[in-house]
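The values are calculated or read from the model by the stated rules, or taken from the named source; none is laboratory data. Everything quoted here is computed from the prediction, not taken from an experiment. For neighbour counting, all protein chains shown are included, and Cβ atoms are generated from backbone atoms with ideal geometry for every residue, glycine included.
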Amino acid sequence: MDFDEGRGNADIESRGRRDAADWRSVVKLRRHRTRRSAALLFCGTALSLVQPSLSLAQEAEGGTITLDTVTIDGEGGSAVGPDSTIVARDTAVGSKTDTPILDVPAAVSVVTEKEMQERDVHTLDEALSYTAGVSTDIYGSDDRYDFYLIRGFYQTGTGTYRDGLPLRIFGYTGARLEPYGMQRIEVLKGSTSTLFGLNAPGGIVNAITKRPTDYAFGEVYTTFGDGHIETGTDVGGPLTATGDWSYRITAKWQDGDNGADHTNDDRLYIAPALTWSPDASTSLTILGDYNKRKGNTSHGIPLGSGLDPDTYLGEPDFDKMDTEEKNIGWLFRHDFGDGFEFRQNARYSDLDLTYESVYGGTLDPADTRSAWAVYGKTKRFSIDNQLEYDTSAGQFDSRLLVGLDYSHDDTSEYRVYGSASGIDPYDPDYCGLSCITLPPGYTWNNTQAATGLYLQEELTVEDSLIFTVGGRFDHVDTTSDYPDYDLAYDSTDNAFTKRFGVTWKTTDEMSLYANYSESFDPLGADRSTIVGEAKPQEGTQYEVGAKYRPDGFDGLFTLALFDLTQTNVPYYVTATTQEQVGKVRVRGAELEAKVAMTDRFDLTAAYSYWDAEILEDGLDGNVGNRPQLVPEHIASLWGDYTIPGEGMIGDLTLGAGVRFIGDTFADNANAIDLDARTTVDAALTYKISANATLQVNATNIFDTRYVAQVDTYNGTEYYNDGRTVRGTLRYSW
């Protein structure tokens, strides 16, 4: 796999413990009415202070006075978390501003930290597996990267963000996110280039890093299972009595495997964070982390062989997928007053990759296997500057956002193609390094610099009609060279993308919305096979939807209907040349419900329908076919219920979930059909004491095995992971 080439008129409430920035966002009054509502808040406070003397005066006069009711609008929760339940109220991913999800004219899903802990999430794929509009497990037990589809489009390599900054993969040099270091995972569905620049049209996933808090807290835990042990801690709180300095340290160590023989899933993650908040208008958070993983490459078995799916036909002493990633960055915010606020997010990353693999074993022990090695390094710097201006005039509330972002990625890889002797698939006898031949390889270098200037206006009319209009200009320079072959390529792409959205708040609990959005995704620098002028792949989307957040309980119900098309897809029109004649369309519907009915009952339900079709093609003759790995139906349901304890007996929480993915095809020719699959998960948590819990999670509890993908080039099929059972002992304070 090469990646080159919310409610209105709600009381202000605190839902759980929040850090200083989160608390400020709680009392920051409802969007578009900052200045006017702040004045009301001040007046209300002043009235409460003078009310006793007013009452005494009226008593003395024996009269009665009735004051008009002053209603203060506010939102619970924070746009970045942490969230006290599985239901998020606000988000920044939909508009790059703190906005109630109900007001965003697009489909947004949020997986909170509480939900990830309930399901014992260990990968980004697992975090997204109960989310509408997302398909995971598309390559089965292949754990090299975070593989997923959004609305039928492959997003791995371009669609993963962290704190609003891109984590793009060039070549093979990429790393996986560590979910334990995140306090929420957000999904913005549909074309997103107007806010986030170059991207595939399906959408993006944005992970929010854990930040310091203004309250002291901590936890330590140990997780154990078959071939798996890990331990971690997450502690934080204020460093000074005034609370202007706060910290957080998140760490995790893991020694495990991915369920098959001769595989590894070892991790070391350390993430210190420090926040300085000299006053209510300014904050600076420094985020750092060290993320080291020792894993394995993908492993499969010969197509139709009937072998045990866990049969390993590589070379255990050679195969590895090891990454070492170091990140340092900051989140800065300053409120100038009078409606002006400046924000800046930045991060520098350094990533090293060692990727070695023997693959391609067949049923004939005499057949030579392939050997492959990549030694890569990526250095990345990303920065996003945002200036927001909020103002009001009569029945109109305006929020204007101007942004300038920049990302620079340098990747260098040394690649080697070789061979290894054959192996008996029924009685594997591994030969180690002695049977592997690796001739001299070649170097590939790639540099991409992307600059984006964007503008967005959110105009609210009479507190019920919200118009969102945005535009963005991107300039992307990409260079690629093969110094061993004296080959070099460079390209420049410019694009202007637009977004139009409208939200109608029919009531304080419900909104209807519609949007039109665009995306662009440049080709790699090597365009030597393209006939004519190479253009970025482009996407357009039309979407309508509804969102409902009831006042009676904590919940969010969403419906989205969309029509998404990607054009300028390159396809071969002769044996050696390509034209950008490809066109793919996905029409669909999504339903999602997240409910925290009481402190005892949580429910997550999701359904996605994707009508995907290749509309235009080259030589392959695939017009009318379904794109590979895109299911028509996806459904999931997770629920858990807490039985309260009594006396010496603690609370007992029982959880269960079911995931369904419909039929897919392994290729665009639709020649290989992959059957639908259903898997069941379960969880049990017992509260030992006020601070200690014992949790047991089972993933794929019935050990259902199925073919997730077929490599038609080398005739290999890849299965999903089997049953995994883990227990976690956690102590929190």
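Consider the stretch 354-370 and keep the residues that are surrounded by 21 or more Cβ atoms within 10 Å (Cβ to Cβ) and either under 19 Å from residue 264 (Cβ atoms) or β-branched (Val, Ile, Thr) (or both). The one that is nearest to the chain's Cα centre (by Cα) is 355. Scanning the stretch 296-317 for residues that are touching an Asp or Glu at 6+ places or on another chain (Cβ under 7 Å) and either at pLDDT 95 or above or not in a loop (DSSP other than H, G, I, E, B) (or both) yields one hit, 301. So, of the residues in the stretch 158-182 that are part of a strand (DSSP E or B) and among the hydrophobic types (A, V, I, L, M, F, W, C), which turns out to be surrounded by the most Cβ atoms within 10 Å (Cβ to Cβ)? That would be 170. In this structure, is residue 452 farther than 30 Å from residue 389 by Cα and of a type outside the set (Ser, Thr, Tyr)? In short, no. Filtered by the rule that a residue be in a strand (DSSP E or B) and of a type in the set (A, V, I, L, M), the stretch 209-237 gives 220, 229, 235. Restricting attention to the stretch 546-573, the residues that are under 24 Å from residue 150 (Cα atoms), surrounded by fewer than 16 Cβ atoms within 10 Å (Cβ to Cβ) and small (Gly, Ala, Ser) total 1. Looking only at residues in the stretch 129-157 that are crowded, with 24+ Cβ neighbours inside 10 Å and β-branched (Val, Ile, Thr), the one that is nearest to residue 524 (Cα to Cα) is 150. Of all residues in the stretch 247-258, those satisfying the criterion of being surrounded by 19 or more Cβ atoms within 10 Å (Cβ to Cβ), not in a loop (DSSP other than H, G, I, E, B) and not hydrophobic (A, V, I, L, M, F, W, C) are 248, 250, 252, 254. For the stretch 268-297, taking the residues that are basic (Lys, Arg) and touching a Ser or Thr at 6+ places or on another chain (Cβ under 8 Å), the one that is surrounded by the most Cβ atoms within 10 Å (Cβ to Cβ) is identified as 293.
Between 454, 489, the distinction of being in a strand (DSSP E or B), over 30 Å from residue 585 (Cα atoms) and out of contact with any Phe, Trp or Tyr (no Cβ under 7 Å at 6 or more places or on another chain) belongs to 489 only. Criterion applied to 268, 284 was being more than 18 Å from residue 711 (Cα to Cα), in contact with a Leu (Cβ under 9 Å, 6 or more places away or on another chain), modelled with pLDDT of 95 or more and in a strand (DSSP E or B), and the one residue passing it is 284.
Elements of the type strands (runs of 3 or more DSSP E) sitting completely within the stretch 630-733 and holding at least 2 residues that are under 30 Å from residue 614 (Cβ atoms), of a type in the set (A, V, I, L, M, F, W, C) and out of contact with any Lys or Arg (no Cβ under 7 Å at 6 or more places or on another chain): these cover 633-643, 707-711.
Just one of the listed residues (261, 244) is surrounded by 16 or more Cβ atoms within 10 Å (Cβ to Cβ), among the acidic types (Asp, Glu), out of contact with any helix residue (DSSP H, G or I) (no Cβ under 7 Å at 6 or more places or on another chain) and farther than 17 Å from residue 183 by Cα, namely 244.
Yes/no matrix, rows are residues, columns are (1) in a loop (DSSP other than H, G, I, E, B); (2) of a type in the set (Gly, Ala, Ser); (3) modelled with pLDDT of 95 or more:
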| residue | (1), (2), (3) |
| --- | --- |
| 74 | yes, yes, no |
| 93 | yes, no, yes |
| 115 | no, no, yes |
| 127 | no, yes, yes |
| 131 | yes, no, yes |
| 139 | yes, no, no |
| 144 | yes, no, no |
| 156 | yes, no, no |
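Working only within the stretch 183-220, note down all residues that are surrounded by fewer than 23 Cβ atoms within 10 Å (Cβ to Cβ) and among the aromatic types (Phe, Trp, Tyr). Answer for the stretch 183-220, where residues must be surrounded by fewer than 23 Cβ atoms within 10 Å (Cβ to Cβ) and among the aromatic types (Phe, Trp, Tyr): 215, 217. When residue 84 is tested against the conditions (1) buried (at least 24 other Cβ atoms within 10 Å of the Cβ); (2) under 25 Å from residue 656 (Cβ atoms); (3) not charged (D, E, K, R), the lone failure is (1). Against the numbered list (1) modelled with pLDDT under 95; (2) buried (at least 19 other Cβ atoms within 10 Å of the Cβ), residue 373 comes up short only at (1). Every condition in (1) at pLDDT 95 or above; (2) part of a loop (DSSP other than H, G, I, E, B); (3) surrounded by 24 or more Cβ atoms within 10 Å (Cβ to Cβ) holds for residue 120 except the one numbered (3).
Taken together, 503, 540 contain a single residue that is part of a strand (DSSP E or B) and either under 23 Å from the mean Cα position of the chain (by Cα) or modelled with pLDDT under 95 (or both), which is 540. Of the candidates 421, 412, the single residue that is surrounded by 15 or more Cβ atoms within 10 Å (Cβ to Cβ) and more than 30 Å from residue 167 (Cβ to Cβ) is 421. Considering each residue of the stretch 381-395 in turn, none proves to be more than 29 Å from residue 476 (Cβ to Cβ), crowded, with 21+ Cβ neighbours inside 10 Å, touching a strand residue (DSSP E or B) at 6+ places or on another chain (Cβ under 6 Å) and of a type in the set (Val, Ile, Thr). Among the residues of the stretch 333-350, just one is surrounded by fewer than 16 Cβ atoms within 10 Å (Cβ to Cβ) and either among the aliphatic types (A, V, I, L, M) or outside any strand (DSSP E or B) (or both), namely 338. Out of all the residues in the stretch 212-226, which are more than 17 Å from residue 241 (Cβ to Cβ) and β-branched (Val, Ile, Thr)? Matches in the stretch 212-226: 220, 222, 223. Criterion applied to 452, 441 was being touching a Lys or Arg at 6+ places or on another chain (Cβ under 7 Å), more than 19 Å from residue 407 (Cβ to Cβ) and buried (at least 16 other Cβ atoms within 10 Å of the Cβ), and the one residue passing it is 441.
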